[in-house]
Amino acid sequence: MANNDVGIQLVPKMTLNKLIITLAAAALGASLSGCGIGEAKTNADETVVATPLPVEVAMPRRAEIFATYRTTTNIASDVDAAVTARVAGEITEILVEEGDQVQKGQILARLDGERLRLEMQQAKANLDKTNREYERFINLHDRGLVSSAAFDSMKYDLDSLQANYELKKLNYDYTYIRAPISGVISARDIKVGQQINAGNSTFRVTDTSELVAYLHIPQRELGKFTSGIVADVRVDAMPDMAFQATVARVSPTIDARNGTFRITAYVNNTDGLLAPGMFGRFEIAYEKHADALLIPAVAILQEDNQSVVYVVDNGAAVRRAIETGIEENGSVEVLSGLDGSESIVVTGQGGLRDGSLVLASLPAKTPVTG
């Protein structure tokens, strides 16, 4: 055992290293021979062919576009009148009901006016009596048989009786409750047999042919609005219908409480479809650009603080920076960057780079072009 240990220790260190190197070289040669040097060279020379990306394109179009502002508010009646009783009395007859159309001066209800009628007749009788006496005084005065003072006193009495009769007549006429304006009866506050006093509310008449809306707009938008511009109005009760409103007044002052100014707009309601109190959604077109170059808003990407689109040119996507203007209903106005002849990528542009190969098609079942 001791002799074997001495034998191993006597193997030269240099000889052992050569043996390890020889075995490693043999193993590497076997590995290369198994893989095949010629086959590896062939793979390195192969060319990789890029696959075109499928995209959808659309052509820009020319049309007018409006800059719009959207806001909401309740619609109200601008002409609304409470009908109050002018004299006290008992309601004897009601001639209209809520929802009825009435004209100015039309009789809506009657009061028991018998006492007032008798007072009017009494005043008329006194007036007629004094009038006959006055006619005799004229003859006597002309003949110098009545003093001027007595004649003037008779004239004053006649004038007083005339005024008293007119007052009694007016009070009697007030027993007929009349509409102060033309419109629709929006409320009835009385019943037959009810005793009312002067000043009590009896009806409410509302003119709904033209409604009004007060829009409160942020002060930064002040320079965009002028009287005469139009707006579309939609209400939840009829979401598929649009009504027209016209801006009548623009307040030049700012409300310090909320930083807004007020616009008064009138809504045409000659058809009577709208009702005061409805919640309206207003879209005001404050600026119009005719013959604008428009592209779909979905085509635009934001890259490096720029608005960018991709156009197809000879089967490749070309990046274009553009300047945009008004946006409305899914379309955007292009102020610069396009001339209108380009095919704009509207679907699939998110994965494109400048120069990417594309296979373009139109959304409306148009044959594919590359």
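One line per residue, one yes/no per condition, for (1) in contact with a Phe, Trp or Tyr (Cβ under 8 Å, 6 or more places away or on another chain); (2) more than 17 Å from Leu53 (Cβ to Cβ):
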{"residue": "Leu294", "(1), (2)": "no, yes"}
{"residue": "Glu303", "(1), (2)": "no, yes"}
{"residue": "Val312", "(1), (2)": "no, no"}
{"residue": "Ala316", "(1), (2)": "no, no"}
{"residue": "Arg319", "(1), (2)": "yes, no"}
{"residue": "Glu328", "(1), (2)": "yes, yes"}
{"residue": "Gly340", "(1), (2)": "no, yes"}
{"residue": "Arg353", "(1), (2)": "no, no"}
{"residue": "Leu362", "(1), (2)": "no, no"}
- Considering every residue within segment 288-302, establish whether at least one is in a loop (DSSP other than H, G, I, E, B) and on the phi < 0 side of the Ramachandran plot. yes
- Message: Need pairs with beta-carbon distance below 7 Å; first residue surrounded by 13 or more Cβ atoms within 10 Å (Cβ to Cβ) and within segment 226-242, second aromatic (Phe, Trp, Tyr); sequence gap 6+ or separate chains.
- Response: Ile229/Tyr286; Ala231/Phe282; Val233/Phe243; Val233/Phe282; Val235/Phe279
- If Ile284 satisfies every condition in (1) surrounded by 15 or more Cβ atoms within 10 Å (Cβ to Cβ); (2) not assigned by TED's automatic domain parsing to the domain that holds Tyr214 but one, which is the exception? (2)
- Message: Quick check on this structure: which one of Ser361, Ser336 is surrounded by 14 or more Cβ atoms within 10 Å (Cβ to Cβ) and over 30 Å from Val235 (Cβ atoms)?
- Response: Ser361
- Of residues in segment 196-214 being surrounded by fewer than 18 Cβ atoms within 10 Å (Cβ to Cβ) and in contact with a Lys or Arg (Cβ under 7 Å, 6 or more places away or on another chain), the one nearest to Ile284 (Cα to Cα): Tyr214
- Task: Give segment 154-180 a look and list any residue that's in a loop (DSSP other than H, G, I, E, B) and of a type outside the set (Val, Ile, Thr), or say none.
- Result: Tyr174, Ala179, Pro180
- Query: Is at least one residue of segment 275-294 of a type in the set (A, V, I, L, M), without any contact (Cβ under 8 Å) to a residue 40 or more places away in the chain and out of contact with any Pro (no Cβ under 8 Å at 6 or more places or on another chain)?
  - Reply: no
- Task: Could you tell me whether segment 91-103 includes any residue that is of a type outside the set (A, V, I, L, M, F, W, C), outside any strand (DSSP E or B) and modelled with pLDDT under 85?
- Result: no
- All but one of (1) within 30 Å of Ser186 (Cα to Cα); (2) β-branched (Val, Ile, Thr); (3) outside the structural domain of Thr260 (by TED's automatic domain parsing) hold for Ile138, so report the exception by its number. (1)
- Task: For Gln121, indicate whether it is under 29 Å from Val233 (Cβ atoms), out of contact with any Lys or Arg (no Cβ under 7 Å at 6 or more places or on another chain) and in the same structural domain as Asn197 (by TED's automatic domain parsing).
- Result: no
- Message: One residue is enough: does segment 181-188 have a residue meeting the conditions in the same structural domain as Ala88 (by TED's automatic domain parsing) and not in a strand (DSSP E or B)?
- Response: yes
- Note on the structure: If we ask which residues in segment 53-89 are outside any strand (DSSP E or B) and touching a Lys or Arg at 6+ places or on another chain (Cβ under 7 Å), their number turns out to be 0
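The values are calculated or read from the model by the stated rules, or taken from the named source; none is laboratory data. Everything quoted here is computed from the prediction, not taken from an experiment. Positions of Cβ are generated from backbone atoms using ideal geometry, with glycine treated the same way; all protein chains shown enter the neighbour counts.
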